[in-house]
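Reading through the structure tokens given below for one structure.
The values are calculated or read from the model by the stated rules, or taken from the named source; none is laboratory data. Please read all numbers here as calculations on a predicted model, not as lab measurements. No Cβ is skipped: glycine too gets one built from the backbone with ideal geometry, and neighbour counts run over all protein chains shown. For the accessible areas, the whole protein counts, side chains as well, though only heavy atoms, and no ligand, DNA or RNA atoms are used. Shrake-Rupley method; radii C 1.70, N 1.55, O 1.52, S 1.80 Å.
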Amino acid sequence: MTALSRLAKRWGLQTSSFLFFVSAGIVVVFAALTIAFVEPMGDAFGAASTWLLTNLGWFYIFGVSVFLLFLIYLAISRWGRVRLSEEDEGPEHSDKAWFAMLFAAGIGTILMFWAVAEPVNHFANPPRAGVEPSSIEAAREAMGFTLYHFGLHTWTIFTLPGLAFAYFIHKRRLPPRVSSMFQPFLGEKIHGPIGRAIDVIAIVGTVLGVAVSIGLGTLQINAGLSDLLGISESAGAQLIIIGVVTGVAVLSVAAGLNRGIKVLSNTNILVAIGLLLFVLITGPTLVMIKGTVESAGTYLFMLPELMFWNDTFHDTGWQGSWTVFYWAWTITWSPFVGIFIAKISKGRTIRQFITGVLGLPTLFTIVWFGIFGMGVFDIEMNGDGGLVERVVDQGDIPGAMFEFLTNFPLATLTSFVGIVLVAVFFITSMDSAGLVLDTMTNGHEDPAPTKQRVFWTFSVGLVAAALLIASGDEGLSVLQDFITVVGLPFFVLGFLMMANMLRALKEDAGELPPLRTRRWLRVLPPEEWLRRRRAGTVEDAVMVPEPVPGTEPEYSDDPVESPADADDAGIANEAPAGTGGRGAADDK
């Protein structure tokens, strides 16, 4: 037993000691260095971000569009009929509850933050040359770019890992870890140094990515409280906000998925829809409805060009501040949101999964930004204005939503509702992240000590606080630099993910209809298999990925390679009783 294993046992943890302590150590050290060396850390990430934007910005844009095309191919191909479950089980959650959890754990905080800020920014400063600022054409392009940023492409970044997780967790019954998605190529090495390195990168990157969102949400809550109560927009106030919301998130994650996260998600989506309807009814209703429909058409018309647009000829640097930042930021969420979506999507077919995860949130996004965006343009072109001055000229992006609501009845009440919405989206993101990070380190979804989930939820709040302290008055720009750098390795993993997904589908289904798929025995990480074996509860689980005998497809164009030697994982061979497979470690 290693020193880390003994420490985990002493603390009453039931998790992978290596993944838990190494990932936690990196997170804590990062937070400490960020607080202790504010300027050097900021300068380092700024320099790295500048280099990436100059030389690899095209790779971020190209990558997401390729991911989208790959998902469309899977949905319309014969693979779309494959069900994401061991047997032909139906979905565990209703469509309504499924959508609410997708939305709240995905980009709820982002929609609240950018609903007003992005349209007004692009309206005042058009992304493409030759468009007159604050003109009708600028308004059209502003909606096209906004929907490009928050429509199909954003949800593509969540859907690809979500689908891969769902397949390898529910179909192949592998551990809920990022390394499991590489099992077709790595085999048993998912338990070795390569697999552990992938998981550490995913865990640390997820903590950092969610922390950036928490930082942005904190800035917005602080801006709203400043408008309503005169609370100063300061580091002290922001730390208090993070502390309070982290505390609520800890209580929620301790309550679990069905009692905590699901209830908060369902409640918040109803409140968000209520705010949307209020703005629609009390605002220029007809203009908003017509504009939303027109914006959908503008988005579809511009999408083929924007998918691969890199601003090559004018090279203004605009894309680095907006599109590349969004893609890098969103992809750091992808392991956490991907596992969460996979967890709530068991029993759906690949076609249903892709259509639902891409389509439903995108439709809501079109309506959401259509109504708020048209409201912005009406205020600036036909009303008293003020949005461009505050959001663009003064750079107060966190205060955009609250400035917008002052143009509607009951401004104080709706601003309070807006603050609550941001806070609850903030909470659901944190508690979902805590639940998923614990699942990734454990390597299974069975009940585990609550203190593990609490730790990961708290760690997200800690890193968010450190980033806000480090960012100072340049909060948004520093967060953008930071996340641009962190997102790069996730894009590389995305391309490998696609290759492994295709390999797995061909291995399990063969090439002739009907799609009879191979069944797999449940796989546990070595340390968890050993723990359960000692306790006599290992049952039918194995350590090495192994199909159920007799369920192999009759035809395959790509035969499965022999598994690699388990020595790569530091595990001695032992056959688990009753499975006939190669197995776990020496039980000493």
Pairs where the first residue, in segment 34-60, is within 12 Å of G487 (Cα to Cα) and open to solvent by less than 50 Å² (accessible area, probe 1.4 Å) and the second is modelled with pLDDT of 85 or more and not in a helix (DSSP H, G or I), C-beta under 8 Å, 6+ apart
G57/N310
Residues being over 27 Å from S23 (Cα atoms), open to solvent by 30 Å² or more (accessible area, probe 1.4 Å) and not aliphatic (A, V, I, L, M) - total across segment 405-450:
5
Per the filter on segment 1-17, residues outside any loop (DSSP other than H, G, I, E, B) and open to solvent by 30 Å² or more (accessible area, probe 1.4 Å) are A3, L4, S5, R6, L7, K9, R10
Does T312 satisfy being open to solvent by 40 Å² or more (accessible area, probe 1.4 Å) and not in a helix (DSSP H, G or I)?
yes
Is there any pair linking a residue in segment 276-289 that is over 20 Å from R140 (Cα atoms) to one that is among the aromatic types (F, W, Y) and part of a helix (DSSP H, G or I), with Cβ under 9 Å and at least six apart or on different chains, and which?
L276/W368; L276/F372; V279/F372; V279/F404
Among the candidates P489, P553, which residue alone is modelled with pLDDT of 75 or more and in contact with a helix residue (DSSP H, G or I) (Cβ under 7 Å, 6 or more places away or on another chain)?
P489
Looking at F67 and the list (1) within 20 Å of the chain's Cα centre (by Cα); (2) modelled with pLDDT under 90; (3) not hydroxyl-bearing (S, T, Y), which single condition is not satisfied?
(2)
Of I331, I354, I341, I366, which residue is within 25 Å of the chain's Cα centre (by Cα), part of a helix (DSSP H, G or I) and surrounded by fewer than 23 Cβ atoms within 10 Å (Cβ to Cβ)?
I366
Report the residue count in segment 219-234 for those that are assigned to a helix (DSSP H, G or I) and either surrounded by fewer than 16 Cβ atoms within 10 Å (Cβ to Cβ) or more than 28 Å from the chain's Cα centre (by Cα) (or both).
4
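Per-residue answers, yes or no, for (1) farther than 15 Å from W327 by Cβ; (2) surrounded by 24 or more Cβ atoms within 10 Å (Cβ to Cβ):
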position	(1), (2)
E118	no, yes
H122	yes, yes
A129	yes, no
P133	yes, no
E137	yes, no
E141	yes, no
I157	no, yes
L160	no, yes
